[in-house]
1. If you look at just the Cα atoms of the stretch B:180-282, how large are its Rg and its Dmax in Å?
2. How do A:128-136, A:28-36, B:253-261 rank on mean C-beta neighbours within 10 Å, highest first?
3. Top mean-square fluctuation among B:Gln105, B:Gln95, B:Gln192, Gaussian network model of chain B, C-alpha springs under 10 Å?
4. Just to be sure I understand the interface: list residues from the stretch B:104-118 that lose 20 Å² or more of accessible area between the chain on its own and the complete protein assembly, 1.4 Å probe.
5. Suppose the chain between A:Lys80 and A:Glu116 were pulled fully straight at 0.36 nm per residue; how much longer would it get relative to their current alpha carbon spacing?
6. Along Cα→Cβ, 7 Å out, is where each label goes; now give me the distance between the ones at B:Ala99 and A:Tyr13 in nm to one decimal.
7. With labels modelled as points extended 7 Å from the Cα through the Cβ direction, what inter-label distance (nm, one decimal) is found for B:Leu43 paired with B:Ala122?
8. Any chance you could tell me what percent of the C-alpha pair distances in chain A go past 24 Å?
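The values are calculated or read from the model by the stated rules, or taken from the named source; none is laboratory data. The structure displayed is predicted, hence computed values, not measured ones. Neighbour counts are summed over all protein chains in view; Cβ atoms, including those assigned to glycine, are modelled from backbone coordinates with ideal geometry. Ligands, DNA and RNA are excluded from the accessible area calculation, which covers all protein heavy atoms including side chains. Shrake-Rupley method; radii C 1.70, N 1.55, O 1.52, S 1.80 Å.
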Amino acid sequence: MTRITVQVDDESYTDEVEPRTLLVHYLREQLGKTGTVVGCDTSNCGACTVHLDGRSVKSCNVLAVQADGHEVTTIEGLAKNGELHPMQAAFHECHALQCGYCTPGMIMQSIDLLNENPTPTEKEIRAGLEGNLCRCTGYHNIVRAVQTASGQEVAS
Amino acid sequence: MIPVQFDYLAPESVEDALAALAEAGDDAKIMAGGQSLLPVLRLRLNSPEKVIDLSRIPGLRGISEEGDTIVIGAMTTHSDVVESELVGQHALLLQKTVAEVADPQIRHRGTLGGALVHADPAGDIGAAALALDAEFVIVGPGGATRTVPASEFFVDLFETAVQEGELLTQVRIPKHTGWGARYEKFVRVAHQWAIVAVAATVKMEGGTITEARIGLTNMGSIPLRATSVEAALLGQPATEEAVKAASATAADGTNPPSDLNGDSDYRKHLAGVLTRRAVLAAAGS
Ligand SMILES: Cc1cc2nc3c(=O)[nH]c(=O)nc-3n(C[C@H](O)[C@H](O)[C@H](O)COP(=O)(O)OP(=O)(O)OC[C@H]3O[C@@H](n4cnc5c(N)ncnc54)[C@H](O)[C@@H]3O)c2cc1C
Ligand code: FES
Ligand code: FES
C-alpha cells in the first residue's frame, strides 16, 4: 500500500491505495465519486475524463499514485452552490445527451477545450473532442453545446 | 481490468532511477506518462514486479536551445511540444506531427521520450525524429552517457537502442529554422493510429526546393527515410507535376505490413500519394 494525498473537487483526501489502483477506481470506489464513469478497457472512449492540475486526462489511464500531491477536478466538482457550470447548462439547453453515459467525460473535455481555445470553430470542436465517443447523439448537439458555452452564434 | 500487483517507485533523480533499475533487472518497467504502459498492464500483456515512475525527477521535462540545437527532455509531454514556440520556430515538423498523436487527454500525459522508446511502428513521432536528424541521449548504469543518431535509434518493432537498465533523457534536434513542414496522416476514422503517414520538411528558395527530408510511418517495422525522394526533390519547383514525379519512388525498398486496414501494396500506393501531398503542403507553409 502507498499513502497518497490528493485534492479532489476542492477537498483534500489522504488514503492508502494499492499502486495498481487506477485513478478512476480510486475516485469511484474509495471516494464514492461515481459521477466519473468507465466506458472501455482501452483508453479510447473518454467517458472517464477528469482534470489533473487543470488539464484533461483519462482517469482510467492514470494511477492513483501518480495523482499524489496533485489536484483533480471531476464532474461532481463543477456546479457551485447548486448552480450548474456554464458547460453543464449548455449541454442541458442544447439537448446534448441522450443516454448520458458519455456526458461527464464530454463536459470535462469540452471545458478543457475552451480553456485552451475560447472561441473554437466547429472543426476545432470536433477535433478537440476526438478522444470522446458518443454512441447516441451523433455529436451534432454536443458541438452546438460547446459553441453555445463559448458564447458563439449557433446555426439552427 | 486492473493490472497485476506491482511495487511502485518514484525516484527523484536519474541516479536513483538507474540504481533502482539495476537492482530490479528485467522485473522492472519504466513509466513515463503511462499512456502506452498502463493499457499494456491493464490488459495484462505484461506484469512487471516494479514500476519506476520518472515523473518526480526534476530536469527531465522542458524545452531549451543550445546553439543550433533544440533540446527536449524525455519527460516533456506531447502538449508541451505542441505549445512550444521554440519548437514551432525551429522544428515545425515535430510540432505538426505531435499535434496528430492520439487525442488531447493523451497528449496531456504522454511524453516525447515515452512515445519514441515505445517505438510502435504505427506511432507518429519516429518519422519526424528521423527526418529531422534527431539525436538521442541515453544514460546507463553508473551514469555512462551516449548519444545515438536517429538512423541507429530504431532497431525493430517496439525495440530501440535503449537497452535494459538504460534511460532516455533527452532528444536533441538540429534547428530547421524557416523550413516548411507537414505531417500527412492517413486514417479511416478520427482518433486512429496511422495506416500510413508521411512527415515532410522542406527548405525553399524562391519557388525552388533546396533541401528536403521525408520520414515514413508504418511502412515497415521501424520509421524509414525516403532518401530517393529527398534527392529527386532538390532543385525542383514546388509544382504538382514536379513533386508528383519526385514522389514516385517513396515506397522503394520498403516492406510494409498487410492488415485489416490495407494490404502491403495499398500502403505502397499510399506512400507515394501522401508524400506528394505532404511535400506540396510543406512547400506552401
Ligand atoms: C487511445 C490511445 C491512442 C493513441 N494514439 C496514438 C497515435 O495516434 N499516435 C501515436 O504516436 N501514439 C499514440 N498513442 C500512444 C501515445 O503517444 C503515448 O503517449 C506514447 O506512446 C507513450 O508515451 P508515455 O510517455 O505515456 O510512455 P509510457 O507509456 O510511460 O512508456 C512507454 C514505454 O517506453 C518506456 N519508457 C518511457 N520513457 C522512457 C525513458 N525515458 N527511458 C527509457 N524507457 C522509457 C516504458 O518503459 C514503456 O515501455 C496512443 C495511446 C492511446 C492510449
Ligand atoms: S474508460 Fe477511460 S477512456 Fe474509456
Ligand atoms: S449520450 Fe449516450 S453515449 Fe453519448
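1. Cα only, the stretch B:180-282: 13.1, 43 Å (Rg, Dmax).
2. The densest-packed peptide leads the list: A:128-136, A:28-36, B:253-261.
3. Maximum among the listed residues: B:Gln105.
4. Buried on complex formation: B:Pro104, B:Gln105, B:Ile106, B:His108, B:Arg109.
5. 10.8 nm
6. 3.7
7. 1.0
8. 31
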